[in-house]
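Scroll down for the structure; my scribbles are underneath it.
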Amino acid sequence: MFGIENNGPTISKMILGYTVLLIISISGCYAFKCHSCSYQRSGDPTRDYECVNAVENATQGGELECAAPKYCITKTVYNTEKLVTSLDRNCREPENLNCGEECCDVSLYTTTCQDMCSTDLCNNADKTLLGCVGDECKDIGITFVSNAASLALVIMAGYCIT
């Protein structure tokens, strides 16, 4: 009537194409928030301890924007008494521990655990107890591993002496 052709199917295809491109671009840059704080056992072991057991109440740190390829990471180091000696919550790429990326690496004097996730404020688990990964807690056998290592040293020392 006004000299305009009906391009309904062409316009519909263009809208669909732009919608697909928009979805792809949004999914490629998905952002999420991570808790950020740290704890280092010192003369006063209660200083900044809320970063370990109640991160929502932490007085230092805060929240960080994060996006792939990074994750919300919680790295916790425990001593042989299963006490937290240090903890770091942050947005970064995971470290490759001897046991992998999301695991607990047990050595003679320490156990280093690393958790990773990628949803808003997901790195909030209480890390007071050794063996907690996310919301799941289990005994990872640190006592057995430490005793086995000590026993192995005693046996090797005894074997070398005789």
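Screening the stretch 46-55 for residues that are out of contact with any His (no Cβ under 8 Å at 6 or more places or on another chain) and within 12 Å of D126 (Cα to Cα) and picking the one that is surrounded by the fewest Cβ atoms within 10 Å (Cβ to Cβ) gives A54.
Where strands (runs of 3 or more DSSP E) fall entirely within the stretch 53-122, those with at least 2 residues that are among the aromatic types (F, W, Y) and modelled with pLDDT of 95 or more are at 71-79. Pairs linking a residue in the stretch 47-74 that is within 16 Å of L87 (Cβ to Cβ) to a residue that is modelled with pLDDT under 95 and assigned to a helix (DSSP H, G or I), with Cβ atoms under 7 Å and 6 or more positions apart or on different chains, are E50/N57.
If the condition is being surrounded by fewer than 17 Cβ atoms within 10 Å (Cβ to Cβ) and within 17 Å of A125 (Cα to Cα), then the stretch 95-107 contributes E102, C103. Cβ-Cβ distances below 7 Å connect the following pairs, each with a first residue in the stretch 113-130 that is over 11 Å from I73 (Cα atoms) and in contact (Cβ under 8 Å) with a residue 60 or more places away in the chain, a second residue that is of a type in the set (K, R) and assigned to a strand (DSSP E or B), and a separation of six or more residues or different chains: D120/K33.
Going through (1) of a type in the set (V, I, T); (2) closer than 16 Å to L121 by Cβ; (3) more than 12 Å from the chain's Cα centre (by Cα) one by one, I73 falls short only on (3).
How many residues does the stretch 56-69 contain that are out of contact with any helix residue (DSSP H, G or I) (no Cβ under 8 Å at 6 or more places or on another chain) and loosely packed, with under 12 Cβ neighbours inside 10 Å?
Pass one, the stretch 56-69, residues out of contact with any helix residue (DSSP H, G or I) (no Cβ under 8 Å at 6 or more places or on another chain): 56, 62-69.
Next cut, loosely packed, with under 12 Cβ neighbours inside 10 Å only: 56, 62, 65, 69.
Matching residues across the stretch 56-69 total 4.
The values are calculated or read from the model by the stated rules, or taken from the named source; none is laboratory data. Note that the structure is predicted; figures quoted are calculated from it, not measured. As a convention, Cβ positions derive from the backbone with ideal geometry for all residues, glycine included, and neighbour counts pool all protein chains shown.
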